[in-house]
Amino acid sequence: MTGKTRATAQISVQKYEPVPYSEPTEGPVLTRIHVEETFSGDIDGTGVVEFLQSAQPDGTASFVGIERVTGSVGGRTGTFLFQDAGTVADNIVSGEWFVIPGSGTGDLAGLRGEGGFRANLGEGAQVWLNYWFD
């Protein structure tokens, strides 16, 4: 493994489609959320992700997801998968993600990394990834 490189980018959400799948009279609502987004910056391309979210009546939430990114990282092109986990609190969406080992294709074969994201609810996210290649 060589040294890690830090990539930064912005995400712009193109499609956000929440579908509740469990809405009890008490307790958190469970929702499946389909999201399509674009990345611009050191990560450049498109992403498609399915999130599973648990939301409280006060608006706080916890979510997990897997996203396929198609595009480039540091000028190398291909696809890879992110595994995401995060929260929503006080209208701030934040979380961490990592590249699923073995998921890279094309010039991104062997991509590894971890990073995160932060956004005001309903706005584009600032994202980062510290990455390397196996």
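Since every read-out is calculated from the coordinates, none of them should be taken as a lab result. Only a predicted model underlies this, so the values are computations on that prediction, with no experimental measurement involved. When we count neighbours, we look across all protein chains shown, and the Cβ atoms used for this are built from the backbone with ideal geometry, even at glycine.
Couplings for segment 118-129, taken from phi via the Karplus curve 6.51 cos²θ - 1.76 cosθ + 1.60 with θ = phi - 60°, read 7, 7, 6, 3, x, 10, x, 9, 8, 10, 9, 8 Hz in order; Gly and Pro are left as x. 3J(HN,Hα) along segment 83-96: 10, 10, 8, x, 9, 10, 8, 6, 6, 10, 9, 8, x, 10 Hz, from the Karplus curve 6.51 cos²θ - 1.76 cosθ + 1.60 with θ = phi - 60°, whole Hz, x for Gly and Pro.
Based on Cα contacts under 8 Å between residues 6+ apart, the chain shows a relative contact order of 22 percent. With a sphere of radius 15 Å drawn around the Cβ of Asp90, what net charge do the other residues whose Cβ falls strictly inside it have (Lys, Arg +1; Asp, Glu -1)? That sum, taken over residues with Cβ under 15 Å, equals -1. Computed from backbone phi, the HN-Hα couplings of segment 13-26 come to 7, 9, 9, 9, 10, x, 9, x, 10, 7, 10, x, 5, 10 Hz, rounded to whole numbers (Karplus: 6.51 cos²θ - 1.76 cosθ + 1.60, θ = phi - 60°; Gly and Pro given as x). For the chain, just list the percent of Cα-Cα distances falling in each 10 Å bin from zero outward, please. All Cα pairs considered, the percentages come to 13, 44, 28, 12, 2, 0.
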